[in-house]
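Down below is the structure, laid out as structure tokens.
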2 protein chains.
Amino acid sequence: MSLLTEELVRLGLDVTLFATGDSQTSGRLLAVCPRPYSEDPSVDPKVAECLHISEIFERAAEFDLIHNHYDFLPLTYSALVDTPVLTTIHGFSSPSIIPVYQKYNARSHYVAISEADKSPELDYIATIHHGIDISQFPFFEAEGQYLLFFGRIHPDKGVHEAIQVAQRVGMKLVIAGIIQDQDYFATQVEPHVDGTTVEYLGSVGPDQRADVLGHALALLHLISFEEPFGLSMVESLACGTPVIAFARGSIPEIVRHGETGYIVEDIQDAVSAVATIQSIDRSACREDVEQRFSHKRMARDYVDTYEKILNLGAGNDRQAISEAV
Amino acid sequence: MSLLTEELVRLGLDVTLFATGDSQTSGRLLAVCPRPYSEDPSVDPKVAECLHISEIFERAAEFDLIHNHYDFLPLTYSALVDTPVLTTIHGFSSPSIIPVYQKYNARSHYVAISEADKSPELDYIATIHHGIDISQFPFFEAEGQYLLFFGRIHPDKGVHEAIQVAQRVGMKLVIAGIIQDQDYFATQVEPHVDGTTVEYLGSVGPDQRADVLGHALALLHLISFEEPFGLSMVESLACGTPVIAFARGSIPEIVRHGETGYIVEDIQDAVSAVATIQSIDRSACREDVEQRFSHKRMARDYVDTYEKILNLGAGNDRQAISEAV
């Protein structure tokens, strides 16, 4: 949530970031842990976590609002302080965590990251889509020459489906992303990688990301799970590359069918979509991201939500926000 | 801590037990979880734990004191309420949890379960040894005919050392306890089990426990770790059976050398101790437990500690106690 913090500071809010001590921020940084506990084997993750969270709540009176991005555990401290707490629910890791959100549903405030990710058992004060820093994703006007898979190598993400589509249309597929499921990669992906018709780039860093996205003809996002929010689609669209995707999870909220890509039903449908993808205006893709998925829009939405919460309470224009990550 | 709760109720305190819903108590029971989460695979242990703990602290104003037996996590909520919190530290699972106790050292209250288990980095309001319900452990006046190992089958607990001693004195060894280290059992214990000179009973339930303890000549407790508190020694002594033990952990606080057993240096020393164990008066063992290790003594010590804490605060005689387990 560095993008959000930076933009909130730019908008004039007094923001304190509770994060690890190695975090970069133009807000005020408060850290219990000098660095991520995953980097320090002497630290017990459970200890680091509860000391991090309790510190925020012990200092709650310093803040007008606590914005929690740290899942459910902070909620269990929230009823012990007067400061309102807003939690952005970044996906449910499991249905077993919903009871915590239910317990605090009436007195706390939740933001969904997409309509698709909402639990029917909870109330939400807003749905706020993620935004990206558009300056990191330049626009590529010219149509690309390859199809692109961009994401984790995992059955959920549809790498094999992308390979099938590319083979059927006789077009090159570029695959970029970390291998999360080694067995899937070895059996379903690697046998097709020849460097010519299917190329695997591995993980692509921030420097290369826009080039890989922007030079594609289309992004294939043929997922088979309810993805809470598909950031790679937004990044692709920002570079001008339209998206061909199944109607799962947040996709109908991100892709405008016929305007910024195609929402398809099956592999055959995806093959047909590739044939007509050139009728999608790449600049329309760019413009849609500028309007709907910039980090500035995200920050404005959050400021509106903060104000809504503060008006529910004392009703004045306080502005000290704590972002807990 | 059922024994403590029951005795506190008997002493007239208003006790609320926060535990799983299947708990038996004559106090008031408050449960978030109907039964232990280990019995319900649909429950996320982390979720159950934080909902259990937060419920207590959200209701803190109902209590004059919260007595925590749930390790470090409740401490991180304690600074957010006015009710004083007393934590019995039932051993440190790892040095990595000490930072939490350090953070709350100045404003919270800690009880050690033995002098041996104290961390030099913490302050303690008291050391309170565990107590047992002596009525469950009848006195056996007659000397037993076998040596006894009673505890987990694990290298730390000295099962193999007990076998060595029994073999050298030519006396039968009875082994009772669950197998915690299967490899150790298979290589260091099982080859010696013949049912005659070395007998393994498996885990011994409450019905058999006193019989197995009381009919022994001596309990061999030749541990090789800093045991926070050795309850099996207390149970053995209650039945009249003296203890031969190495001077590790809480042993010097439990065994009175020459009066209720022998504290020895090595195997040879333990062998010599068996030869003279009959000079230990079995009734002295019983009496020492009656005086120092009954659950009534434990409860009185806790009531004294509760009063000490409450007098540090408002200084009146309130008596509503919450026991969190």
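The values are calculated or read from the model by the stated rules, or taken from the named source; none is laboratory data. These numbers were taken from a predicted model, which means no experiment stands behind them. Don't worry about glycine lacking a Cβ; one is built from the backbone with ideal geometry, like all the others, and counts go over all protein chains shown. Surface areas here come from the heavy atoms of the whole protein model, side chains and all, with no ligands, DNA or RNA. Shrake-Rupley method; radii C 1.70, N 1.55, O 1.52, S 1.80 Å.
Which count do you get for residues in the range A:81-112 that are open to solvent by less than 30 Å² (accessible area, probe 1.4 Å) and either within 12 Å of chain B (Cβ to nearest Cβ) or touching a strand residue (DSSP E or B) at 6+ places or on another chain (Cβ under 7 Å) (or both)? Total satisfying the criteria: 17.
From A:Ala112, A:Ala176, which residue is more than 26 Å from A:Gln188 (Cα to Cα) and among the small types (Gly, Ala, Ser)?
Values: A:Ala176 fails: more than 26 Å from A:Gln188 (Cα to Cα).
Sole residue among the options that is more than 26 Å from A:Gln188 (Cα to Cα) and among the small types (Gly, Ala, Ser): A:Ala112.
Checked across the range A:67-80, the condition of being farther than 30 Å from A:Arg282 by Cβ and in contact with a Pro (Cβ under 7 Å, 6 or more places away or on another chain) holds for at least one residue. Can you spot a residue in the range B:31-52 that is free of Cβ contacts under 8 Å to residues at least 40 places away in the same chain, farther than 28 Å from B:Asp123 by Cβ, more than 12 Å from every other protein chain (Cβ to nearest Cβ) and of a type in the set (A, V, I, L, M)? Checked against the condition, which is being free of Cβ contacts under 8 Å to residues at least 40 places away in the same chain, farther than 28 Å from B:Asp123 by Cβ, more than 12 Å from every other protein chain (Cβ to nearest Cβ) and of a type in the set (A, V, I, L, M), the range B:31-52 yields at least one hit. Looking only at residues in the range B:33-55 that are part of a loop (DSSP other than H, G, I, E, B) and within 25 Å of the chain's Cα centre (by Cα), the one that is surrounded by the fewest Cβ atoms within 10 Å (Cβ to Cβ) is B:Arg35. Taking every residue in the range A:154-171 that is in contact (Cβ under 8 Å) with a residue 24 or more places away in the chain and pairing it with any residue that is β-branched (Val, Ile, Thr) and open to solvent by 50 Å² or more (accessible area, probe 1.4 Å), at least 6 positions away or on another chain, the pairs with Cβ-Cβ distances below 8 Å are A:Ala166/A:Thr197; A:Gln167/A:Thr197. Taking the criterion of being assigned to a loop (DSSP other than H, G, I, E, B) and either within 14 Å of chain A (Cβ to nearest Cβ) or in contact with a helix residue (DSSP H, G or I) (Cβ under 7 Å, 6 or more places away or on another chain) (or both), the residues of the range B:118-128 that qualify are B:Ser119, B:Glu121, B:Leu122, B:Ile125, B:Ile128. On inspection, A:Glu115 does not qualify as open to solvent by 20 Å² or more (accessible area, probe 1.4 Å), over 22 Å from A:Ala324 (Cα atoms), over 20 Å from the mean Cα position of the chain (by Cα) and more than 12 Å from chain B (Cβ to nearest Cβ).
B:Gly144: at positive phi and at pLDDT below 95, yes or no? Can you show your working first?
Values: at positive phi: no; at pLDDT below 95: yes.
Taking the combined requirement at face value, the residue does not satisfy it.
Among residues belonging to the range A:56-77 that are facing chain B (nearest Cβ under 9 Å) and not in a loop (DSSP other than H, G, I, E, B), point out the one that is most open to solvent (accessible area, probe 1.4 Å). First the steps, then the outcome.
Step one: filter the range A:56-77 for residues facing chain B (nearest Cβ under 9 Å), giving A:57-58, A:60, A:72-73, A:75-77.
Then keep just the ones that are not in a loop (DSSP other than H, G, I, E, B); that gives A:57-58, A:60, A:75-77.
Working: A:Phe57: 6, A:Glu58: 63, A:Ala60: 3, A:Leu75: 0, A:Thr76: 0, A:Tyr77: 0 Å².
Top of the filtered list is A:Glu58.
Inside the range A:107-117, can you point out the residues that are part of a loop (DSSP other than H, G, I, E, B) and closer than 10 Å to A:Thr88 by Cβ? Spell out the reasoning first.
Initially, the range A:107-117 is screened for residues part of a loop (DSSP other than H, G, I, E, B), giving A:107-108, A:113-117.
Selection gives A:Ile113 alone.
Scoring A:Ala218 on the criteria (1) outside any strand (DSSP E or B); (2) in contact with a helix residue (DSSP H, G or I) (Cβ under 8 Å, 6 or more places away or on another chain); (3) among the small types (Gly, Ala, Ser) leaves a single failure, condition (1).
Please work out if A:Glu143 is under 22 Å from A:Phe293 (Cβ atoms) and open to solvent by 50 Å² or more (accessible area, probe 1.4 Å).
Yes, satisfied.
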